[in-house]
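Inspection log for the structure reproduced underneath, given as structure tokens.
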Amino acid sequence: MNKIEHIGIAVKSLEASNDLFAKLFNTPHYKIEEVASEGVNTSFFQVGVNKIELLEATNPESPIAKFIEKRGEGIHHIAFDVDDIQAEIKRLEAEGFTVLNRTPKKGADNKWVAFLHPKSTNGVLIELCQDIKE
Ligand code: ZN
């Protein structure tokens, strides 16, 4: 793994949270993107070299809706940048981690993404992401 690509934060209202985090970071979000397959609306902030993703549920079945129901708003996942997501999935499975989707999905911000089950990572939802090269 190369570095933390971004940190994902689950929020109830993207609109209200965009204002809040813009004040906190002293910079506005640079994009909003819906990932319909995941039932989420996302927005992204660049804070120095770091990236923060806010996630809002678009329907009650969304994993974000369920997360907020159970645990409230807050840090949802940590995403790591990888060069070869398929190789990384294989490596992590061999190490005994539970990969939630063995076939990478198209995530927000032009990435292939895969998630590790938090039960296998001390309660931390880990996202792997690889840049999609057109
Ligand atoms: Zn993410």
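The values are calculated or read from the model by the stated rules, or taken from the named source; none is laboratory data. Everything numeric here is computed off the predicted structure, so don't read it as measured data. Positions of Cβ are backbone-derived with ideal geometry, glycine not excepted, and every protein chain shown enters the neighbour counts. For accessibility, only protein heavy atoms count, side chains too; no ligands or nucleic acids. Shrake-Rupley method; radii C 1.70, N 1.55, O 1.52, S 1.80 Å.
To the nearest 20 Debye, how big is the dipole of the chain about its Cα centre, given +1 on the beta carbon of each Lys and Arg and -1 on that of each Asp and Glu?
Using only the charged Cβ atoms, the result is roughly 280 debye.
Springs between alpha-carbon pairs under 10 angstrom, Gaussian network model over the chain: which of PHE115, PHE44, PHE25 fluctuates most?
It is PHE25.
Between rounded, prolate and oblate, where does segment 34-134 land on the alpha carbon gyration tensor, with a ≥ b ≥ c its root eigenvalues, rounded for a/c under 1.5, else prolate if a/b exceeds b/c?
In terms of gyration-tensor shape, oblate.
Between LYS111 and residues 5 or more places away or on another chain, which pairs have amide H atoms under 5 Å apart, with H built 1.01 Å from N, and which residues are they?
Here ILE132 satisfy the definition.
Positive end of the charge dipole of the chain (Lys, Arg +1 and Asp, Glu -1 on Cβ, about the Cα centre): tell me which of LEU54, HIS76, ASN26 has its Cα farthest that way.
Highest projection toward the positive end goes to HIS76.
With a 1.4 Å probe and every protein chain kept in, tell me what percent of the accessible surface of the chain is carbon plus sulfur.
Accessible surface attributable to carbon and sulfur in the chain totals 52 percent.
What is the gain in length, in nm to one decimal, between SER13 and GLU69 on full extension, counting 0.36 nm per residue of separation less the C-alpha to C-alpha distance?
18.8 nm is the gain from fully extending SER13 to GLU69.
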